1. Multiply the residue gap between I19 and D32 by 0.36 nm, knock off their C-alpha separation, and tell me the result in nm, one decimal place.
2. Run the numbers for F161 and A175: contour at 0.36 nm per residue of separation, minus the present Cα-Cα distance, in nm.
Amino acid sequence: MKAKAINIASIIALVLTFIFFVYGYRAGIFTDQAKMEDFLRNFGVLAPIIFIGIQALQVVIPVVPFAIGTVVGIIFFGPWYGFLYNYIGIVTGSILAFLIAKKYGRPLIRSLFGDRLMEKYNKYTDGEGFNKMFALSIFLPLAPDDFLCYLAGTTKMTLKFYTLVILLGKPLSLAIYSFSLNELFKFIL
């Protein structure tokens, strides 16, 4: 009975997430910085929680542009809180992506990312070589992190090792990416 309730709750959460994603995409929340800021402003003190959820969602459903959410966090909440909220959301989404891939495997990854990325990184997934490559990639700001988070879930990598790499590797790459994009947008504007 308990397992059935968990499955039903998971399905409801997935449906609600999908509905929110479709709404947000059509409303421009995920693709337009000003619209995301307006959307967050409506939530007042709950805005950080909503933003963290959006950042987690952009990892789990990787069609949301990463840069928009990251920059909005810095601009809307300031450099330190923006970084913190980005970090919490992205780490949460990364762990969810790993767990989803553990459950649903490579067919899901192929449907999300296509065969091209799978073929490119498939050769690294056997043995300990993947763990090292994954850890290094998470520390660097230019790797396809969302894809690698899903791919890691299909390997023998443990959740403990994965979580440690995400917790330690994300701050540096996120800081580099966040503050670089922020400066670039300031320069452009």
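Just so it is clear, none of the values below were taken in a lab; they were calculated from the coordinates. Computed from a predicted structure; not experimentally measured.
1. Details: separation 13, 0.36 × 13 = 4.68 nm, distance 1.85 nm.
Roughly 2.8 nm would be gained on extension.
2. Details: separation 14, 0.36 × 14 = 5.04 nm, distance 2.19 nm.
Working it through step by step, the gained length comes to 2.9 nm.
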